[in-house]
Amino acid sequence: MKTALLIIDVQNEYFASADGKFDQFNVDKIAQEIADYAQTAEQNGELVIGVQHLMAEDYPLFAKGSAGVEFHSSVAGILADKPLVQKAHADSFLNTNLIEILKENGIEQVDICGIMTQNCVTHTALSPFAKDYKVRVLSNLCTAPTELIHQIALGALADREWIEVV
C-alpha cells in the first residue's frame, strides 16, 4: 500500500526554543522523533509531505512572513525538497493542494503526525476528504498544549472506523 506521511505544523510558533508564542508539551523531543521517523519513512519509499499553517500578516500567530511560520529546524532540512501543503484551516485537506498531491502519487494510506493533536491533526484525520484513504494517526509523533489534551484528542478518534490510532 502506497503511503504518505503528513508532517503537520512543526513550525517555530510552537517552540519556546525558537521564540514561538505557543509552546507545546514535550515538543522538542516529539519534533526530533518526527524527523527521525520521516527519514526512515522516506527510505522505505513513503512520500513525505510538509504541511504549513499560514495566516494573514497581521495575525497574532502564524503570521505570513514571520519567523513563527517557518518549519522548525528539526524538520526544515527534511522538508526542504518535499511537497508542501499550505493551509489556513485546521483541516489540511480544506482548500489546499493535498488531494492533488496524494492522487498524483497514487497514495492509498495517509499517516499523520505533528502539532496540535486536538486541532490540526484530528481535523485532518476527520476530514470528509480523508475517508478515501486508510488513515493512521501516529500518536507518539503528535503533541498538544498538554499531555492530557493530547490523550483526550486521541481518545476522540478511537471510535472512527476509517482512522487507526497507532
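Here residue 59 fulfils each of the conditions (1) surrounded by fewer than 19 Cβ atoms within 10 Å (Cβ to Cβ); (2) in contact with a strand residue (DSSP E or B) (Cβ under 7 Å, 6 or more places away or on another chain); (3) among the aromatic types (Phe, Trp, Tyr) apart from (2).
Among the residues of segment 109-123, is any open to solvent by 10 Å² or more (accessible area, probe 1.4 Å) and acidic (Asp, Glu)? Scanning segment 109-123 turns up no residue that is open to solvent by 10 Å² or more (accessible area, probe 1.4 Å) and acidic (Asp, Glu). Taken over segment 25-63, the criterion of being hydroxyl-bearing (Ser, Thr, Tyr) and closer than 21 Å to residue 98 by Cβ is satisfied by 37 alone.
Suppose the filter is over 23 Å from residue 145 (Cβ atoms), touching a strand residue (DSSP E or B) at 6+ places or on another chain (Cβ under 8 Å) and polar (S, T, N, Q); does residue 39 pass it? For residue 39, the condition - over 23 Å from residue 145 (Cβ atoms), touching a strand residue (DSSP E or B) at 6+ places or on another chain (Cβ under 8 Å) and polar (S, T, N, Q) - is not met. The single condition among (1) surrounded by 15 or more Cβ atoms within 10 Å (Cβ to Cβ); (2) part of a loop (DSSP other than H, G, I, E, B) that residue 95 does not meet is (1).
The set of residues from segment 138-166 being assigned to a helix (DSSP H, G or I) and without any contact (Cβ under 8 Å) to a residue 12 or more places away in the chain comprises 148, 151, 155. Across segment 12-69, the qualifying residues are those that are part of a helix (DSSP H, G or I) and among the polar types (S, T, N, Q), and the one among them that is modelled with the lowest pLDDT is 17.
The values are calculated or read from the model by the stated rules, or taken from the named source; none is laboratory data. Here the structure is a predicted model, which is why all the values come from computation and not from measurement. Neighbour counts are summed over all protein chains in view; Cβ atoms, including those assigned to glycine, are modelled from backbone coordinates with ideal geometry. In case anyone asks, the SASA skips ligands and DNA or RNA and just uses the protein heavy atoms, side chains included. Shrake-Rupley method; radii C 1.70, N 1.55, O 1.52, S 1.80 Å.
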